[in-house]
Amino acid sequence: MEVVTTMGKNEYDIVIVGAGCAGPAAAKKAAELGLKVLLLEKSQKPGEKNVSGTCLNMAALVDPDLQYLMKGPIEREIYEMHSLMVAPERTTMFRETPSEGIILLSVRRDEFDAWHTELAKKAGAEVKLSTTVMDIIEENGRVTGVVTDTGDKYFGKVIIDAAGVNSIVGRKAGLIPKRKGQNMILYTILNVWLGEEVVNERFGNSIYYFLAPNCQHKTWPWIFPKKEVVTIGTGGYMDDNLFKGDIKSVNDYMQNLIDLPFIKEKLEGGKIESWGLHLEYDEAIEKRTKAGLILTGESGGFVIPFLGEGMPEAFFTGIYAAETAKKAIDANDFSAEFLEEHFMEKFNENVFLQSFRYVAEFNKKSILTMLDEEIAAMMQNVIIGGGFISNAIHSNWMKGADEDDMSLVQDAKDFYEFIQPYRQVGPESLEIYKKMRAEK
Ligand SMILES: Cc1cc2nc3c(=O)[nH]c(=O)nc-3n(C[C@H](O)[C@H](O)[C@H](O)COP(=O)(O)OP(=O)(O)OC[C@H]3O[C@@H](n4cnc5c(N)ncnc54)[C@H](O)[C@@H]3O)c2cc1C
């Protein structure tokens with residue numbers, strides 16, 4: 001029987017560029033909404049180069065939109081967070097554990113992104129791997145398609161950009177501005193194979209954060225254990241002081257870090273699997289939509305680098321972009337105003353996203369004016385004072401009181417009330433997790 005379709009071979013409701021975090025989430029949701037979807041990815045296997053985002057925040061995954069992700073390939077459940085301050089005069093270790101449940105889920109991106117893309121395919125999305133988008137097609141000010149490295153053209157009523165920090169789509173569309181050094185973080189990442197038994201013994205279910213002289217620049221190094229491998233990351237904001245004295249590249253920060261006796265011991269006998277560089281953008285983008293186009297995940301600036309978080313932001317914004325595209329198709333309105341309104345409406349309602357944005361804005365402003373030693377002191381306050389969110393609220397509240405500025409106090413109070421549901425979700429998360437794993 002002949003299938004009757006009103007669309008040509010290379011025409012889709014939605015074309016999505018990038019199968020990292022945001023792309024598969026958008027493709028799966030759009031296909032579930034009954035749309036004809038094409039997902040394009042430049043790698044041979046989704047996630048094969050995405051060694052970056054590795055720990056999924058459970059506080060986000062309990063959102064009904066994201067619970068399905070708990071069924072994915074999880075390498076290790078993280079119950080504890082250790083923060084180690086190595087200052088010349090003293091070394092301090094703090095341990096943070098939640099009252100119950102899991103803080104983070106550690107994943108390998110090569111496994112996780114491939115699994116997620118397969119879910120999108122099962123939902124009905126068409127996936128083309130080893131396909132790099134080189135350009136966009138614009139007609140009368142509206143983005144209507146993309147051109148690939150083989151010269152093929154694919155058209156969509158809505159194009160979703162999920163191509164990450166270096167996205168060519170957002171840049172070609174004029175939405176991603178030229179980036180300034182202080183808005184970029186350059187990370188160096190090391191994967192060390194130790195074997196499951198050794199990782200269990202030396203790291204268990206804990207992640208580690210460090211603050212140590214000459215090991216980072218205005219950010220904080222970390223070690224995230226997977227099943228058999230541990231991932232170590234460090235780097236810094238690309239301002240004029242990233243390289244100074246003996247630091248000639250971010251690899252020097254990494255070398256200093258892994259030379260710390262505490263870390264050296266933990267990595268002893270390990271084999272380096274990979275050592276790579278990654279960029280992260282740290283600034284809000286003014287506009288994430290143009291007629292026919294929505295920017296999601298890291299291409300849209302939905303990432304909080306100082307906290308090392310961007311995967312939930314990418315999943316959420318991918319899903320919201322798909323829902324917005326469906327609304328646009330139903331209303332036959334592809335204007336930037338329509339897309340922006342519906343996309344940001346969902347974003348602004350999300351308590352998790354708002355909490356982290358509040359914290360990110362606060363941190364960004366403060367850390368760029370601080371010395372690395374002052375950042376270390378701030379981190380101690382964060383840990384002692386009950387985490388990033390409490391610290392941001394408390395500091396803004398106190399600043400308002402200090403400067404006699406009641407609007408700052410009021411903002412902090414309003415925000416405190418807004419995030420209450422998010423803070424109460426903790427005890428349920430373990431139950432949801434168990435249920436999802438049982439259904440896997
Ligand atoms: C060092 C480091 C550590 C991090 N750790 C964490 C963490 O622990 N937890 C967390 O939540 N977040 C973490 N993040 C942030 C997180 O990795 C990102 O925010 C997240 O991956 C963004 O998802 P995305 O879908 O927007 O982009 P990506 O995950 O980068 O996916 C983009 C995809 O698009 C593809 N692509 C790019 N250009 C094209 C093109 N032209 N044509 C076709 N395909 C293309 C890429 O191959 C890739 O698959 C970390 C980031 C870094 C740098």
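Quick check on region 247-265. Is at least one of its residues among the basic types (Lys, Arg), assigned to a helix (DSSP H, G or I) and in contact (Cβ under 8 Å) with a residue 24 or more places away in the chain? Checked region 247-265: no residue is among the basic types (Lys, Arg), assigned to a helix (DSSP H, G or I) and in contact (Cβ under 8 Å) with a residue 24 or more places away in the chain. Just one of the numbered conditions (1) in contact with a His (Cβ under 7 Å, 6 or more places away or on another chain); (2) at pLDDT below 80; (3) within 16 Å of the ligand (Cβ to nearest atom) is not true of residue 24: (2). Residues that are in a loop (DSSP other than H, G, I, E, B), buried (at least 24 other Cβ atoms within 10 Å of the Cβ) and of a type outside the set (D, E, K, R) are absent from region 198-213 altogether. Residue count for region 173-197 under the criterion of being in a helix (DSSP H, G or I) and over 20 Å from residue 77 (Cα atoms): the result is 3. Within region 27-45, being outside any strand (DSSP E or B) and within 6 Å of the ligand (Cβ to nearest atom) holds for 41, 42, 43.
Only one of the numbered conditions (1) over 22 Å from the mean Cα position of the chain (by Cα); (2) of a type in the set (Ser, Thr, Tyr); (3) near the ligand (Cβ under 10 Å from one of its atoms) is not met by residue 106, and that is (1).
Each row is one residue, and each column tells you yes or no for (1) of a type outside the set (S, T, N, Q); (2) more than 14 Å from the ligand (Cβ to nearest atom).
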position: 124; (1), (2): yes, yes
position: 127; (1), (2): yes, no
position: 160; (1), (2): yes, no
position: 167; (1), (2): no, no
position: 191; (1), (2): no, no
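When region 130-157 is filtered for residues that are β-branched (Val, Ile, Thr), touching a residue at least 40 places away in the same chain (Cβ under 8 Å) and not in a strand (DSSP E or B), the ones remaining, listed by number, are 131, 132. Among the residues of this structure, residue 224 does not count as one that is at negative phi and assigned to a loop (DSSP other than H, G, I, E, B). Selection within region 142-175: residues that are within 21 Å of the chain's Cα centre (by Cα) and within 12 Å of residue 294 (Cα to Cα). The member of this set that is surrounded by the most Cβ atoms within 10 Å (Cβ to Cβ) is 161. Against the test of being in contact with an Asp or Glu (Cβ under 7 Å, 6 or more places away or on another chain) and at pLDDT 90 or above, the options 40, 35 yield a single qualifying residue, 35.
All conditions in (1) under 23 Å from the mean Cα position of the chain (by Cα); (2) assigned to a strand (DSSP E or B); (3) of a type outside the set (S, T, N, Q) hold for residue 119, with the sole exception of (2). Could you run through region 118-141 and say how many residues are crowded, with 20+ Cβ neighbours inside 10 Å and farther than 30 Å from residue 68 by Cβ? Number of matching residues: 1.
The residue pairs whose first member lies in region 9-23 and is on the phi > 0 side of the Ramachandran plot, whose second member is assigned to a loop (DSSP other than H, G, I, E, B) and more than 11 Å from the ligand (Cβ to nearest atom), and whose beta carbons are closer than 8 Å, counting only pairs six or more residues apart or on different chains, do not exist in this structure.
The values are calculated or read from the model by the stated rules, or taken from the named source; none is laboratory data. All of these numbers come straight from a predicted model, not from anything done at the bench. As a convention, Cβ positions derive from the backbone with ideal geometry for all residues, glycine included, and neighbour counts pool all protein chains shown.
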